[in-house]
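Below is one structure, written out as structure tokens; the observations come after it.
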Amino acid sequence: MPNKKTIFIIAGEVSGDVLGANIMRELPEYNFIGIGGQNMCGAGLQSIFPMSDLAVMGIIEVLSHARTLKHRIRETVQKIIDEKPDLVLTIDSPGFARSVIGGLKNSRVGRDLIRDGLRFYHVVAPQVWAWRPGRAKKYSETFDKLYAFFDFEVPYFTRHGLDTIAVGHPVSDNIMGKYVARNVRGKKIVALMPGSRKTEVKKLMPVFREFVDLVGDKYKFIIPTVETTDALVRGAIADWTIRPEIISAQDRYALYEKTFVAVAASGTVSAELAMVHVPAIIVYRMNWLTTIIGKILVNVKWVSLVNILLNRSVYPELLGSGATAKNILREFNRIADDEHVREEMIAELKSADKLWRPDSESVGARIAADIKKSI
């Protein structure tokens with residue numbers, strides 16, 4: 001029996017970890033080495049260091065974490081050189097991925113591996129249609145193949161010669177057509193979702209606390225947490241007057257069935273909420289300098305993917321200095337107190353269903369099938 005081929009797989013945050021695990025399960029005939037979280041480790045990966053070391057977002061936040069990241073880049077480059085995989089598959093975390101590939105290309109042994117056939121595939125296309133379109137060309141110079149989520153993203157990269165395939169949004173694999181019944185007895189549930197990165201949680205938890213105090217105990221508050229932020233969230237709510245219930249992020253889909261309104265950080269979770277038609281308010285805070293730079297560079301009106309896909313404001317967005325407890329309360333009351341507003345929002349969310357995935361095949365299976373054909 002021939003030796004198994006080896007894939008070095010890297011995920012830097014929870015959504016990538018979930019997709020990485022799905023891809024791994026579709027490829028039992030391959031060996032996997034790399035970096036991942038509890039989902040990929042559950043699928044058999046022994047992560048070379050904690051995935052949480054990569055879960056950083058924002059210009060200033062990344063700079064403050066630079067020493068750790070540089071060490072992890074060097075460590076990853078060396079591990080790839082030692083293991084000599086057939087493929088490096090990176091999922092999101094593009095800055096880390098490109099730094100690792102750059103480190104390999106700057107190494108004599110790394111260059112030898114590339115010359116002998118080592119290839120680099122990346123999952124998640126950067127939103128070049130929103131900002132920094134020049135990244136498309138840089139991706140074509142870095143990666144051998146790109147798995148994008150949506151058809152409209154493909155031409156941005158193929159025009160630069162990068163083999164790009166639209167595979168659908170991976171979140172849709174788990175929840176499309178599910179978790180939409182909201183027949184709740186007792187107090188209505190408000191889901192508070194501060195994000196999967198420590199920097200997000202630190203910025204949003206004080207705002208959430210003030211919002212909860214303003215709303216009072218009329219509602220039940222629940223916060224799903226991921227492994228990278230669980231301790232931080234628990235510490236933050238320790239002295240809250242109205243203390244939310246904490247659940248694992250793995251149980252959040254069941255939470256969606258019962259959620260009346262969600263208040264959520266911008267990111268993958270906003271796409272999840274849209275797919276299961278949960279009314280929501282999207283909030284985000286970052287370092288003030290990051291926020292200013294973002295306003296200068298970003299070319300889209302919205303940050304929520306459902307708003308971008310439908311080209312209209314379905315989810316209200318409160319960003320930067322606008323992400324205050326009073327503003328959240330204003331939007332919350334508008335949704336909670338007017339059934340017509342709620343039903344109109346849900347109808348808009350349903351209209352986006354056809355945009356999330358091209359067919360019934362899972363995203364993980366689609367990527368795995370292409371990998372099998374490629375290596």
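Table for the structure above
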{"quantity": "The range 39-57: number of residues that are assigned to a helix (DSSP H, G or I), touching a residue at least 60 places away in the same chain (Cβ under 8 Å) and buried (at least 20 other Cβ atoms within 10 Å of the Cβ)", "calculated": "1"}
{"quantity": "When residues of the range 86-113 are limited to those that are of a type outside the set (G, A, S) and part of a loop (DSSP other than H, G, I, E, B), the one surrounded by the fewest Cβ atoms within 10 Å (Cβ to Cβ)", "calculated": "N106"}
{"quantity": "Some residue of the range 123-134 being among the aromatic types (F, W, Y), over 22 Å from W356 (Cβ atoms) and either touching a Lys or Arg at 6+ places or on another chain (Cβ under 9 Å) or not assigned by TED's automatic domain parsing to the domain that holds I23 (or both)", "calculated": "no"}
{"quantity": "Close pairs from the range 77-92: first in contact (Cβ under 8 Å) with a residue 24 or more places away in the chain, partner assigned to a loop (DSSP other than H, G, I, E, B) and of a type in the set (G, A, S), Cβ under 7 Å, at least 6 apart", "calculated": "V77/S107; I81/S107; D92/G12"}
{"quantity": "Count of the range 25-38 residues which are modelled with pLDDT of 95 or more and either under 18 Å from the mean Cα position of the chain (by Cα) or among the polar types (S, T, N, Q) (or both)", "calculated": "3"}
{"quantity": "Those residues of the range 129-157 which are under 18 Å from the mean Cα position of the chain (by Cα) and at pLDDT 90 or above, in sequence order", "calculated": "L146, Y147, A148, F149, E153"}
{"quantity": "Unmet criterion (only one of (1) at pLDDT 85 or above; (2) touching a Lys or Arg at 6+ places or on another chain (Cβ under 6 Å)) for V212", "calculated": "(2)"}
{"quantity": "Scope the range 22-31; condition in contact (Cβ under 8 Å) with a residue 24 or more places away in the chain and closer than 13 Å to A43 by Cβ; matching residues", "calculated": "N22, I23, R25, E26, L27, Y30, N31"}
{"quantity": "Those strands (runs of 3 or more DSSP E) lying entirely in the range 181-262 with at least 2 residues surrounded by 21 or more Cβ atoms within 10 Å (Cβ to Cβ) and on the phi < 0 side of the Ramachandran plot", "calculated": "189-193, 220-225"}
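This table checks each residue for (1) of a type in the set (S, T, Y); (2) more than 30 Å from A368 (Cβ to Cβ).
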residue: V167; (1), (2): no, no
residue: P170; (1), (2): no, no
residue: T199; (1), (2): yes, yes
residue: L204; (1), (2): no, yes
residue: E210; (1), (2): no, yes
residue: T228; (1), (2): yes, no
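The values are calculated or read from the model by the stated rules, or taken from the named source; none is laboratory data. Since we're looking at a predicted model, the values are computed, not measured. Ideal geometry is used to build each Cβ from the backbone, glycine not excepted, and the neighbour counts take in all protein chains shown.
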